[in-house]
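The values are calculated or read from the model by the stated rules, or taken from the named source; none is laboratory data. Just so it is clear, the structure is predicted and the values come from calculations on it, not from any experiment. Backbone-built Cβ (ideal geometry, glycine too); neighbour counts: all protein chains shown.
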Amino acid sequence: MAFELSKIIASIKPTVKAIDVPLNTENAERFAQLVEVAKTAQLVEAPLSRSITDTSPGVELQEELEALRKETITLRLRALSNKELYILKKKVWEDSFFSTKNKNEDEKAIISIEREDRLMEYIIARSCVEVIDNATGESKNGLSDVEAADLRGHLPEFLWQQICATWNDAQELGVVVSEAISDPTFRGDGAEQAGEPVDDSSAEDGESGE
């Protein structure tokens, strides 16, 4: 029985990356610092059993990080398909708000930057599969274009750039996987192109039979 390719395509699961976004912008920089410390394993891991009065630096930092994380929302962002990106780019490009007609070079440069910013708002909205409130554990599906624009408007620029970088990580990982799968050596039919040894027993048999 022939398989249904459309169902297989529909079942493809994109790469997803998550980022915690501080809601208290006064603590945003401190939270970012603690996250980096944790990522680089500089945070001293607390022992499994410790005294209630244990206040070692590692324990204190971990507790501070956990407290600050409750003041965040988590955005889960997925990689977008080429078709989705094309649609979003076209949506921005055709928006009359960003028309460069009768504009001088300085105005065109500003419009170009604003167009890129709007595109990233659309991308974050489209790619967001879930928003989690870490104070309550409640979650909602996705972001609207308006919500993404509001989020960017209220966040410090460095936090917005971290969100964009998180989506880019998901997108690049998806590209890497896609390229690996399409590589002939990955499929096992490109050994010769990759410089790997090729079984030449058939050639030897042909020579011996002459």
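Points to keep in mind about this one:
- Among residues of the stretch 24-38 that are closer than 11 Å to Leu68 by Cβ, those with a beta-carbon under 9 Å from a residue that is surrounded by 14 or more Cβ atoms within 10 Å (Cβ to Cβ) and β-branched (Val, Ile, Thr) at least six positions away or on a different chain give the pairs Asn24/Thr72; Ala28/Val21; Phe31/Thr72.
- Once the stretch 130-174 is narrowed to residues that are among the hydroxyl-bearing types (Ser, Thr, Tyr) and not in a helix (DSSP H, G or I), the residue that is nearest to Ala79 (Cα to Cα) is Ser144.
Quick grid of which residues meet (1) more than 26 Å from Ile123 (Cβ to Cβ); (2) of a type outside the set (Gly, Ala, Ser); (3) at pLDDT 65 or above; (4) outside any loop (DSSP other than H, G, I, E, B):
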{"residue": "Asp20", "(1), (2), (3), (4)": "no, yes, yes, yes"}
{"residue": "Arg30", "(1), (2), (3), (4)": "yes, yes, yes, yes"}
{"residue": "Ala38", "(1), (2), (3), (4)": "yes, no, yes, yes"}
{"residue": "Ala41", "(1), (2), (3), (4)": "yes, no, no, no"}
{"residue": "Ala46", "(1), (2), (3), (4)": "yes, no, no, no"}
{"residue": "Ile52", "(1), (2), (3), (4)": "yes, yes, no, no"}
{"residue": "Gly58", "(1), (2), (3), (4)": "yes, no, yes, yes"}
{"residue": "Leu61", "(1), (2), (3), (4)": "yes, yes, yes, yes"}
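- Selection of the stretch 142-160 for residues being surrounded by fewer than 18 Cβ atoms within 10 Å (Cβ to Cβ) and either of a type in the set (A, V, I, L, M, F, W, C) or at pLDDT below 95 (or both) yields Gly142, Val146, Ala149, Gly153, His154, Pro156, Glu157, Phe158.
- When the stretch 135-153 is filtered for residues that are without any contact (Cβ under 8 Å) to a residue 24 or more places away in the chain and touching a strand residue (DSSP E or B) at 6+ places or on another chain (Cβ under 7 Å), the ones remaining, listed by number, are Ser139, Lys140, Asn141, Gly142.
- Of the residues in the stretch 80-90, at least one is in contact with a Ser or Thr (Cβ under 8 Å, 6 or more places away or on another chain) and either within 22 Å of Gln161 (Cβ to Cβ) or without any contact (Cβ under 8 Å) to a residue 24 or more places away in the chain (or both).
- Answer residue from the stretch 76-112, given it is in a loop (DSSP other than H, G, I, E, B) and touching an Asp or Glu at 6+ places or on another chain (Cβ under 9 Å) and is surrounded by the fewest Cβ atoms within 10 Å (Cβ to Cβ) among those: Thr100
The rows are residues; the columns are (1) among the aromatic types (Phe, Trp, Tyr); (2) in contact with a Lys or Arg (Cβ under 9 Å, 6 or more places away or on another chain); (3) farther than 16 Å from Ala18 by Cβ.
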position	(1), (2), (3)
Ser99	no, no, yes
Glu107	no, no, yes
Ile111	no, yes, yes
Glu147	no, no, yes
His154	no, no, yes
Ile163	no, yes, no
Thr166	no, yes, no
Ala170	no, yes, no
